[in-house]
1. Taking residue 91, is it modelled with pLDDT under 95 and part of a helix (DSSP H, G or I)?
2. Looking only at the range 82-94, which residues are exposed (fewer than 13 other Cβ atoms within 10 Å of the Cβ) and among the charged types (D, E, K, R)?
3. Considering each of 74, 65 in turn, give the residue that is touching a strand residue (DSSP E or B) at 6+ places or on another chain (Cβ under 7 Å), closer than 20 Å to residue 13 by Cβ and of a type outside the set (A, V, I, L, M).
4. With the checklist (1) assigned to a loop (DSSP other than H, G, I, E, B); (2) in contact with a Pro (Cβ under 7 Å, 6 or more places away or on another chain); (3) among the aromatic types (Phe, Trp, Tyr) in hand, flag the one item residue 18 doesn't pass.
5. Among the candidates 13, 40, which residue alone is modelled with pLDDT under 95 and within 13 Å of residue 89 (Cα to Cα)?
6. I'd like the full set of residues that are surrounded by 12 or more Cβ atoms within 10 Å (Cβ to Cβ) and farther than 20 Å from residue 19 by Cα, limited to the range 29-64.
7. Do we find a residue being in contact (Cβ under 8 Å) with a residue 12 or more places away in the chain, of a type in the set (A, V, I, L, M), in a helix (DSSP H, G or I) and surrounded by 13 or more Cβ atoms within 10 Å (Cβ to Cβ) anywhere in the range 65-81?
Amino acid sequence: MTSRAEARNPELSKPCPFEKCRAQPKSRCTNRHNEPRDRSHPSRREDWAIALVECPDCEAPVDTRCITDNGQTRANIHRARLDAAYAAFEETLEAASRDVPPGGRR
């Protein structure tokens, strides 16, 4: 079951790889003052997208970083991959909400 925080920030399912943060799954990323950030670090969002979908631009498979035209690993992922990950997540949430009877779960 997806928590409300994960529904707002699905990348919370992955730990943050940013060296100065290292937030654990289900915990929000923090800033340099150890206060919660409004958004996850970009590297955390990228790790989540890599684990969820294949890249529509370079066709890198799930769990593999995006590649450049000459076959080298990219430093970041294609924007289309991140967009596809959010779209896939929203489809999953929508499908899950179809099972809820009128008036909510009992």
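The values are calculated or read from the model by the stated rules, or taken from the named source; none is laboratory data. Fair warning: this is a prediction, and the values are worked out from it, not measured in the lab. A quick note on method: Cβ atoms are made from the backbone with ideal geometry, for glycine too, and the neighbour counts reach across all protein chains shown.
1. It is true that residue 91 is modelled with pLDDT under 95 and part of a helix (DSSP H, G or I).
2. Those that are exposed (fewer than 13 other Cβ atoms within 10 Å of the Cβ) and among the charged types (D, E, K, R): 90, 91, 94.
3. On inspection, the qualifying residue turns out to be 65.
4. (2)
5. Being modelled with pLDDT under 95 and within 13 Å of residue 89 (Cα to Cα) holds for just one of 13, 40, which is 13.
6. Once the filter is applied, which keeps residues that are surrounded by 12 or more Cβ atoms within 10 Å (Cβ to Cβ) and farther than 20 Å from residue 19 by Cα, the range 29-64 yields 52, 53, 54, 55, 56, 57, 58, 60, 64.
7. Within the range 65-81, one or more residues are in contact (Cβ under 8 Å) with a residue 12 or more places away in the chain, of a type in the set (A, V, I, L, M), in a helix (DSSP H, G or I) and surrounded by 13 or more Cβ atoms within 10 Å (Cβ to Cβ).
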